[in-house]
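Shown next, in C-alpha cells, is the structure this report addresses.
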C-alpha cells in the first residue's frame with residue numbers, strides 16, 4: 001500500500017483548542033464548520049486577480065475593483081528603515097498584495113492559558129497563521145499560474161511586512 005499525504009500535516013490538529021474530531025480533519029470540520037463557511041474558505045483560496053498596467057493584484061471581488069485615479073504607488077523601506085513611496089512594480093505589487101493573516105481574522109478560539117509568543121499571538125495561533133499563509137501561497141500560486149501562465153511570481157511570508165502587523169503573505173512578479 002502506498003500513502004499519499006495531503007497538503008496539511010495531521011500534526012496541525014495538536015494546535016487546535018477544540019478536541020471535537022481530534023485526529024482527523026473531516027470530523028473536526030463536520031462538527032464545527034457550516035457549509036456556508038466552508039464555501040467561503042474556498043473563495044479565499046481562489047480569489048479574483050486583476051491586471052492593471054502590467055501589475056497583478058489579488059482582490060476579493062474584481063467586479064468592484066476601482067482603478068485608482070492616483071499613480072500606482074507602493075511602499076519600500078529605505079536604508080534607514082523608514083517607509084517611503086515607490087512606483088517600482090516590485091514595490092507596488094509587494095505592497096498592494098500584502099495580506100496580514102492575523103489582522104484578517106476577527107475571531108480566535110479561546111484556549112485558556114495562552115501566553116503571547118510573537119506579534120500578539122500565542123505560539124499555537126502564530127503557528128496556525130504561518131500554516132494558513134503557506135496554504136494560501138500554494139493555492140494562490142496555482143491560480144496565478146492558471147491565469148498568467150507566461151509570468152512567474154515570488155511569494156513572501158514574514159512578520160510585520162511594510163505597514164501591516166503580524167504574519168503577512170504577499171506576492172509579486174519575478
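Here, each number is a calculation from the coordinates, and none is a lab measurement. Fair warning: this is a prediction, and the values are worked out from it, not measured in the lab. Because the Cβ atoms are built from the backbone with ideal geometry, glycine has one as well, and the counts that use them run over all protein chains shown.
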>> Looking at segment 34-173, I'd like the Rg to Rh ratio, where Rg is from alpha-carbon atoms and Rh is Kirkwood's inverse mean 1/r.
In response: 0.99
> In what sequence do 8, 169 fall when counting other Cβ within 10 Å, fewest first?
Replying inline: 8, 169
